[in-house]
Each structure stands twice: as C-alpha cells, then as structure tokens.
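Reading through the structure tokens given below for one structure.
Only the coordinates and a few stated rules stand behind these numbers; no lab work does. These figures come from a predicted structure and were not determined experimentally. Because the Cβ atoms are built from the backbone with ideal geometry, glycine has one as well, and the counts that use them run over all protein chains shown.
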Amino acid sequence: MQLRRSALGLATWGLVAAIVLILPGATARGGEDAKKVNDSEIAIGGFCPVSYQTEVKAVKGDPALAVEYQGFVYNCANAEAKKRFEADPAKYVPKYGGLCTTSLGGSYGNRNPSDPEVFYVIDGALYLFSSVRARNAFDRWPDEYIAKANDLYKIPALNGYCPVSYFKSGKVAKGDAKYSRTYKGVVYHFADEEAAKAFEKESNRFLPQYEGFCAEGMSRGKSYPGDPKSFEIIDGKSYFFYDESAKKTFVGNAKELIAKADSGWNEYKDTRAKEQKEKIDSYRKMTMESRQPSEPAPVPEPPVPAPSKP
C-alpha cells in the first residue's frame with residue numbers, strides 16, 4: 001500500500017454529499033455558468049481535486065475553472081489542473097463520493113461527511129476523513145476499513161430497483177449490478193443498458209423526489225422512508241410513499257400536498273446541512289482539544305570543523 005499523508009488540516013469546512021455518478025466525461029463550467037452553481041453542487045468544499053495528488057495538499061480551486069462531473073462541480077486550481085481533471089476525472093475524484101472513509105468502513109457503516117483538508121492519497125486514490133482522529137483510527141487497520149467501505153458503498157439505492165423503469169414501463173423493475181451507475185455518491189442499478197444510458201443523460205429526471213423519502217410524510221414535515229414499490233408518477237416526477245395508505249392520501253390531494261412537501265423538503269435539507277456542518281466543527285474542536293502543546297524541536301548546532309594541522 002503506497003500512502004502519501006496529508007498535512008494536518010483544520011481550516012475551512014467543506015461538505016461533500018454522499019452520492020456519485022460515473023458519466024462518460026467531464027464538462028467545463030466557467031464564466032457566467034460558474035455563477036449559477038448552487039453551493040450544494042460544489043464538491044470537496046471547493047478544493048481542487050488534482051492538487052491532492054500533484055501537491056499532496058488541499059488547495060482551493062477557482063470557480064472560473066470549474067468542471068462538472070458525477071453530478072458535482074469541481075473547482076480546479078489552475079489551467080493545468082483543469083486539463084488533467086478533464087482528461088481523467090475518475091483518477092482525481094475522492095473515494096466513496098467524499099464520505100469519511102473511517103465512518104463508512106467502521107462498525108456501523110455510517111455515511112458521515114468529511115473534512116476535505118484531512119486526507120490520504122493511497123495507491124493513487126483520494127480518501128477523505130471527518131477529522132484527524134478518524135484518520136488516526138484508520139491508521140490502525142487501513143486494509144480492513146477500505147475493504148468494508150468498498151463493500152458498503154456498492155449497495156444500491158432504492159433497494160436495487162431501477163429508477164428509469166417507473167417512467168419507461170410504469171412498473172417497478174429490479175436492476176442488475178452489471179448495469180450499475182453512481183450519481184452524487186449513490187450507486188444505482190438498472191434493468192438494462194438502455195435504462196442506464198438514459199439515466200446518464202438525464203439523471204435528475206429519473207430520481208425520486210425528496211431523495212426517496214415518503215412524499216406524504218414530507219408534506220407534514222416528517223422524513224419517513226419511502227417504499228420503492230409504492231410510487232406514483234405525477235407531472236413527470238416520481239414520488240415514493242411509506243405505504244399504500246400514504247399514497248392514497250397524497251394522490252387524492254396532490255397539488256396542495258406537493259407544495260407542502262416541497263416546502264418541507266427545503267426545510268429538511270437546510271436542517272441537515274446545518275447539522276452536518278456542526279458535526280464537522282465538533283470533530284475539529286475535539287481534535288484541537290486533544291492536541292497537547294509541545295516544545296519546538298531544538299535547532300541543531302552546526303558541526304564544528306576539525307582544527308587544521310599547523
């Protein structure tokens with residue numbers, strides 16, 4: 001295992017959402033387009049994905065040199081970094097959609113956000129961590145953490161059902177792992193290659209509303225899980241429900257409840273982002289408190305030259 005360790009990172013907070021899609025290529029976004037990017041789309045807290053490997057440190061990217069890939073926008077630090085990223089984006093994006101490697105590969109498989117300034121580059125791949133403490137824990141069993149994180153990350157969303165089938169056939173269809181794609185850090189399985197390619201072109205069109213939470217519950221400000229087998233297509237969008245009773249209630253008053261669910265979803269996302277930021281801040285605080293001040297290393301005296309012979 002070839003490991004390149006980062007410097008201690010405790011600066012600007014950056015949140016990477018837990019979801020990734022393998023697209024055919026990367027698309028440049030600069031100038032006016034860069035101004036339109038929503039903060040939630042920006043990957044790695046705005047740090048340049050290439051600098052982790054070329055400079056072994058986190059370097060803030062330039063929004064004018066933005067590249068869109070995997071449903072996220074990556075800000076590159078300079079023209080050369082942008083050129084490298086566009087040529088091979090998969091080489092530079094973080095593992096697991098930017099989730100904390102230790103959390104995902106730990107006992108509970110938690111999908112926690114990471115601090116983009118706490119990282120390792122291992123065998124040419126970028127691994128992020130929520131804190132220095134998490135990275136130190138990873139040091140004890142790196143192979144075990146990576147193996148488990150790899151397995152958990154491959155578990156598909158929607159219980160493995162194909163998100164395109166709802167629109168293509170109006171029915172639920174199980175996806176197949178050999179037609180796998182990932183979008184913003186989440187793996188999806190598709191019924192066939194045609195469905196997978198359709199998803200690559202219009203990913204957001206096929207994703208369920210509210211990330212698959214029950215739409216009826218969201219209209220009441222509740223984040224109940226949705227059942228992929230209980231769904232309804234309304235105005236070209238798919239909605240999931242906790243059960244058929246919730247579906248009946250929602251569909252019977254769809255216009256009003258969609259407006260309430262949209263509002264509830266925006267509030268939920270804001271609260272979640274705040275909580276995740278507070279979690280990262282608390283990790284950083286614990287790290288700072290656990291560090292003991294130490295005396296600076298003494299500067300060695302220059303060697304004394306041997307006296308010359310008379």
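Computed quantities for the displayed model
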item	result
Highest-first arrangement of 169-177, 43-51, where packing means the average Cβ count within 10 Å	43-51, 169-177
Computed over region 161-273: relative contact order in percent, which uses C-alpha pairs under 8 Å that are six or more apart	20
Dipole moment magnitude, nearest 20 debye, region 158-261 about Cα centre, only Lys, Arg, Asp, Glu C-beta charged	120
Simple spin-label estimate for Glu211 and Ala87 in nanometres, 7 Å along Cα-Cβ	3.6
Length released on extending from Ile155 to Glu278, taking residue separation times 0.36 nm less the Cα-Cα span	41.5 nm
Those lysines that a straight Cα-Cα span of less than 21 Å connects to Lys277, excepting residues fewer than 8 apart in one chain	Lys60, Lys95, Lys184, Lys269, Lys285
